[in-house]
Structures are given as C-alpha cells and as structure tokens.
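**Student:** Take a look at this one; I'll ask things after.
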Amino acid sequence: MTRRISRRNVVKTSGIALTASLAGCLGSDGEYPADTITSIIPYDEGGGADNIFRQMADPLSEELGTDIHIENVPGAGAMRGIGQLLGEEPDGYTIGKFNPFTTSVQAMVNPPDFDMEDLQGLATIGLNAIVLIGDPDEEFDDVADLIDRYNDGEFGNIGGLGASYLPNAAFFEQEYGMGWENYVEYSGGGPINQAVASGEIPAAFNTDGSALPAAESDEVDVLAVLTSNGSEIFPDAPVITELGYENMDFIGQITRSMWVPPGTPEEQLETLTEAVEATVESDTIQEWADETGNTMTYGPPEEADDVLEQIWSDIPDVVDIDDLQDDS
C-alpha cells in the first residue's frame, strides 16, 4: 500500500501533568503487586513492539513476582490501545509499550479524542536508529550527492513508513535543502526496502532493523544513520551529524518506551521501574539483544517523558500539521 503527499502541502515556509488514592493498589497484606499486571501493546501480535515485550515478559514477571498478561489492542494507528491505556485505573496494574515518535505523528495527523501528552513515562528500553537508504543502481556517492541529484530534478519521490517519517523528509527539505516533490507512504519496512531495491523510488527512510535484511543482500545501500548515537546494526555507516549536517535526533531515532496511566502512584511506579531496569539489564535480555541487533538499554521515567515532550514541541516546527491533516 502506498500513498503520495506533496511537500508543498506539508512543509512550513519558515524555521524550525492527577493525584490518585492508593486504595485498591495493594493486596490485603499491603504488598504490591498482588495481582496480574496487564501490558497493553497497541499493535497486532507478531510485530516489532510485541516481539520485544514478549521477550521481556517472563523475566519481568519473575522480577515482579506476579503474572504479566499481554493484551494486543491494535487499531487506528495505535490510538485505540493508547486510548485504552490512558483510560485505565492508575493503580499500577496496567502498563503499555510503544514508541512515542511514530505514535505521536499518527496522533498529529489523525487527532484522537485524548491527549497523548497525558501519558506518564515508566521507562525507555532502547533505541532504533532511522536510516536513509538508497537504490544501489543509482550509485549515490554520499548524502550530498543524493541531495544534489534531487535538486537537479533527477528525482522527485522519497518514501517512508506511512506518515510517520514525513517529518524526516520535511527536515531534509527545510534544513538540508533537499528538493523532493512527493513523499510516498508505505505500509511497512519490507515494502519500503522493496520499493527502493526495485527502483520504484530512489531513496527512503526506514529503521535500521527493518533495513538490515535488504542491506545484507545488497538490495539497498545505507547512506546515513540519522541519529548522532549511531547504529549498532550498521556501526560503519555514515552518521548524519558526522557528515556536517544539523542534528536531527528528535526524529532520527525511535525510542522504545513504556508507559503507565497518568496518576499512577509513585510507590507503584518505583517498583515497576526497578523491575524493568533489572529485566533490561539481565543476561537473558542482553544476550537476546546481541543476537538480534535490538539494542536494549534502560532509561528512567523522566527520559520517556522528555522524549514525548520534545516530539510534540519540535515536530510542529518542521511540518505544518494543519496541512498534513488535510492531506491525510
């Protein structure tokens, strides 16, 4: 599935918080947790976010001393599951896992009947870099060569995952001076790779994990890693800031994050956070991370909160949200 959006409709012309009772949270002996904890995953079973949390579920259950029930609640670009999480009782028995970048872009494009910024961070658990990939047949020398050839009119289309990576394309136009004409939406990382490999589009944005199979088979070239943190999957790929381009970390990486309903008591949040940290840093998870290339690193609740706040602050400075909504 593909869809095209003209940059003229999405690029701007200039520049770039509940108190809850502890009642019901504790068991009869005052211990927490005293019941099953439900984790809401706002995607279908088998996707990346679901697979990662399923790897964590057993060791996290052991750390907490209670069962973890995974509830997949897909629909509306993850908004259905996120809305359910926001509406749950803030008693420490419901958590959720999703990245704030792509879900926030979805909420900007098709605003739900809730405010994503009401989410309360639980932890960050790792990063995936977003990379710029190119068609090997085009023999791009580097990012500068790609930009020059777009500006010369040789190419007009660039692609990415739905509307989620449209801010990346807009940043390239606004900050790097790259004159693309149409942003082509694809339904997943595999279709993005295929579109580039087949010559349907000359370049696209994808996550490093999604791009890996096509890069390993030489079907696509990784032209740049778009976060200054680099990519463990592509450690030798050029990093955009090291090429002299402006930092775009706020949209150059996907921060895998966990959340709780707003107003979750501090005592429960601390217990959950300590368990997540121990799980992420366990030998079991780190060995799995090394085997799969899914970097797993723990960050505290405030890190998740900060990432979410920055996304909602900075993206509207890059993309005209009103025009983007009209086109979607």
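The values are calculated or read from the model by the stated rules, or taken from the named source; none is laboratory data. Computed from a predicted model, the values in this text were never measured in an experiment. Cβ: placed from backbone, ideal geometry, glycine included. Neighbour counts: every protein chain shown.
**Student:** When residues of the stretch 236-249 are filtered for being in a loop (DSSP other than H, G, I, E, B) and either at pLDDT below 95 or within 18 Å of residue 169 (Cβ to Cβ) (or both), how many remain? Working first, answer last.
**Tutor:** Filtering the stretch 236-249 for residues in a loop (DSSP other than H, G, I, E, B) gives 236-238, 244-248.
Adding the requirement that they be either at pLDDT below 95 or within 18 Å of residue 169 (Cβ to Cβ) (or both) leaves 245-248.
Total satisfying the criteria: 4.
**Student:** Given 75, 96, 65, 47, which one is outside the structural domain of residue 206 (by TED's automatic domain parsing), out of contact with any strand residue (DSSP E or B) (no Cβ under 7 Å at 6 or more places or on another chain), closer than 21 Å to residue 127 by Cβ and of a type outside the set (S, T, N, Q)? Before you say what the answer is, go through the steps one by one.
**Tutor:** Numbers: 75 fails: closer than 21 Å to residue 127 by Cβ; 96 fails: out of contact with any strand residue (DSSP E or B) (no Cβ under 7 Å at 6 or more places or on another chain); 65 fails: closer than 21 Å to residue 127 by Cβ.
Testing whether each residue is outside the structural domain of residue 206 (by TED's automatic domain parsing), out of contact with any strand residue (DSSP E or B) (no Cβ under 7 Å at 6 or more places or on another chain), closer than 21 Å to residue 127 by Cβ and of a type outside the set (S, T, N, Q) leaves just 47.
**Student:** Shifting gears a bit: Here is a check on your reading of the model: is residue 94 polar (S, T, N, Q), crowded, with 23+ Cβ neighbours inside 10 Å and within 27 Å of residue 272 (Cβ to Cβ)? Break it down stepwise before answering.
**Tutor:** Details: polar (S, T, N, Q): yes; crowded, with 23+ Cβ neighbours inside 10 Å: no; within 27 Å of residue 272 (Cβ to Cβ): yes.
No: the conditions fail for residue 94.
**Student:** Out of all the residues in the stretch 35-51, which are touching a Phe, Trp or Tyr at 6+ places or on another chain (Cβ under 9 Å) and either hydrophobic (A, V, I, L, M, F, W, C) or assigned to a loop (DSSP other than H, G, I, E, B) (or both)?
**Tutor:** Taking the stretch 35-51 as the starting set, the residues that turn out to be touching a Phe, Trp or Tyr at 6+ places or on another chain (Cβ under 9 Å) are 35-43, 49-50.
Across the stretch 35-51, the qualifying residues are 35, 36, 37, 40, 41, 42, 43, 49.
**Student:** Take the residues in the stretch 208-234 that are out of contact with any helix residue (DSSP H, G or I) (no Cβ under 6 Å at 6 or more places or on another chain) and within 16 Å of residue 296 (Cα to Cα); name whichever of them is modelled with the highest pLDDT.
**Tutor:** Within the stretch 208-234, the first condition is being out of contact with any helix residue (DSSP H, G or I) (no Cβ under 6 Å at 6 or more places or on another chain), and the residues that meet it are 208-209, 211-213, 215-218, 225, 229-230, 232.
Still in the list and also within 16 Å of residue 296 (Cα to Cα): 208-209, 229-230, 232.
Numbers: 208: 91, 209: 84, 229: 91, 230: 94, 232: 86.
By that ranking, first place goes to 230.
**Student:** I'd like the full set of residues that are over 18 Å from residue 310 (Cα atoms), acidic (Asp, Glu) and assigned by TED's automatic domain parsing to the domain that holds residue 292, limited to the stretch 106-163.
**Tutor:** Correct list: 113 only.
**Student:** For the stretch 205-222, which residues satisfy the criterion of being under 23 Å from residue 181 (Cβ atoms) and touching an Asp or Glu at 6+ places or on another chain (Cβ under 9 Å)? If you could, list the steps in order and put the result at the bottom.
**Tutor:** Applying the first criterion (under 23 Å from residue 181 (Cβ atoms)) to the stretch 205-222 yields 205-206, 220-221.
The answer is 220, 221.
Residue-wise test of (1) closer than 21 Å to residue 248 by Cα; (2) within 16 Å of the chain's Cα centre (by Cα); (3) in a strand (DSSP E or B).
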{"site": "180", "(1), (2), (3)": "yes, no, no"}
{"site": "193", "(1), (2), (3)": "no, no, no"}
{"site": "206", "(1), (2), (3)": "yes, yes, yes"}
{"site": "224", "(1), (2), (3)": "yes, no, yes"}
{"site": "227", "(1), (2), (3)": "yes, yes, no"}
{"site": "231", "(1), (2), (3)": "yes, yes, no"}
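**Student:** Still on this structure, I have one more. Is it the case, given these coordinates, that residue 286 is part of a helix (DSSP H, G or I), of a type outside the set (A, V, I, L, M), touching a Phe, Trp or Tyr at 6+ places or on another chain (Cβ under 7 Å) and modelled with pLDDT of 95 or more?
**Tutor:** On the way: part of a helix (DSSP H, G or I): yes; of a type outside the set (A, V, I, L, M): yes; touching a Phe, Trp or Tyr at 6+ places or on another chain (Cβ under 7 Å): no; modelled with pLDDT of 95 or more: yes.
No, not satisfied.
**Student:** In contact with a Lys or Arg (Cβ under 7 Å, 6 or more places away or on another chain) and more than 30 Å from residue 90 (Cβ to Cβ), is that true of residue 249? Can you show your working first?
**Tutor:** Values: in contact with a Lys or Arg (Cβ under 7 Å, 6 or more places away or on another chain): no; more than 30 Å from residue 90 (Cβ to Cβ): yes.
No; evaluated as a whole, the condition is false for this residue.
**Student:** Can you find even one residue in the stretch 251-259 that is buried (at least 19 other Cβ atoms within 10 Å of the Cβ) and either among the aromatic types (Phe, Trp, Tyr) or more than 25 Å from residue 117 (Cβ to Cβ) (or both)?
**Tutor:** Applying the first criterion (buried (at least 19 other Cβ atoms within 10 Å of the Cβ)) to the stretch 251-259 yields 251-259.
Then keep just the ones that are either among the aromatic types (Phe, Trp, Tyr) or more than 25 Å from residue 117 (Cβ to Cβ) (or both); that gives 259.
Yes, the conditions are met somewhere in the stretch 251-259.
**Student:** For residues that are part of a loop (DSSP other than H, G, I, E, B) and modelled with pLDDT of 95 or more, scanning just the stretch 156-178, find the one that is surrounded by the most Cβ atoms within 10 Å (Cβ to Cβ). Lay out the reasoning, then the answer.
**Tutor:** Within the stretch 156-178, the subset part of a loop (DSSP other than H, G, I, E, B) is 156, 162-165, 177-178.
From the residues that got through so far, the ones that are modelled with pLDDT of 95 or more too are 156, 177-178.
Numbers: 156: 15, 177: 11, 178: 21.
The selected residue is 178.
**Student:** Please find, within the stretch 262-305, the residue that is farthest from residue 227 (Cα to Cα) out of those that are of a type in the set (D, E, K, R) and crowded, with 16+ Cβ neighbours inside 10 Å.
**Tutor:** Of the residues in the stretch 262-305, the ones of a type in the set (D, E, K, R) are 266-267, 270, 274, 277, 281, 283, 287, 290-291, 302-303, 305.
Going one step further and asking which of them are crowded, with 16+ Cβ neighbours inside 10 Å, we end up with 277, 305.
Values: 277: 24, 305: 19 Å.
If we take residues in the stretch 262-305 being of a type in the set (D, E, K, R) and crowded, with 16+ Cβ neighbours inside 10 Å, then 277 is farthest from residue 227 (Cα to Cα).
**Student:** Further, regarding this structure: Go through the stretch 168-181 and give me each residue that's more than 20 Å from residue 315 (Cβ to Cβ) and either of a type outside the set (D, E, K, R) or in contact with a Phe, Trp or Tyr (Cβ under 8 Å, 6 or more places away or on another chain) (or both).
**Tutor:** If we filter the stretch 168-181 for residues that are more than 20 Å from residue 315 (Cβ to Cβ), which is where we start, we get 179, 181.
The answer is 179, and nothing else.
**Student:** May I pose another question? Any idea which residue in the stretch 81-118 is nearest to residue 325 (Cα to Cα), counting only those that are part of a helix (DSSP H, G or I) and among the β-branched types (Val, Ile, Thr)?
**Tutor:** At the first step, the residues of the stretch 81-118 found to be part of a helix (DSSP H, G or I) are 81-87, 100-109, 116-118.
Retained after the next criterion (residues that are among the β-branched types (Val, Ile, Thr)): 82, 102-103, 105, 109.
On the way: 82: 20, 102: 15, 103: 15, 105: 11, 109: 5 Å.
Top of the filtered list is 109.
**Student:** Hey, another quick one. Could you count how many residues in the stretch 146-174 are hydroxyl-bearing (Ser, Thr, Tyr) and within 28 Å of residue 98 (Cα to Cα)? Spell out how you get there, then give the answer.
**Tutor:** First, pick out the residues of the stretch 146-174 that are hydroxyl-bearing (Ser, Thr, Tyr): 150, 164-165.
Then drop every residue that is not within 28 Å of residue 98 (Cα to Cα), which leaves 164-165.
Total satisfying the criteria: 2.
**Student:** Those residues that are touching a Phe, Trp or Tyr at 6+ places or on another chain (Cβ under 9 Å) and among the polar types (S, T, N, Q), I need them from the stretch 52-65; list them, please.
**Tutor:** 55
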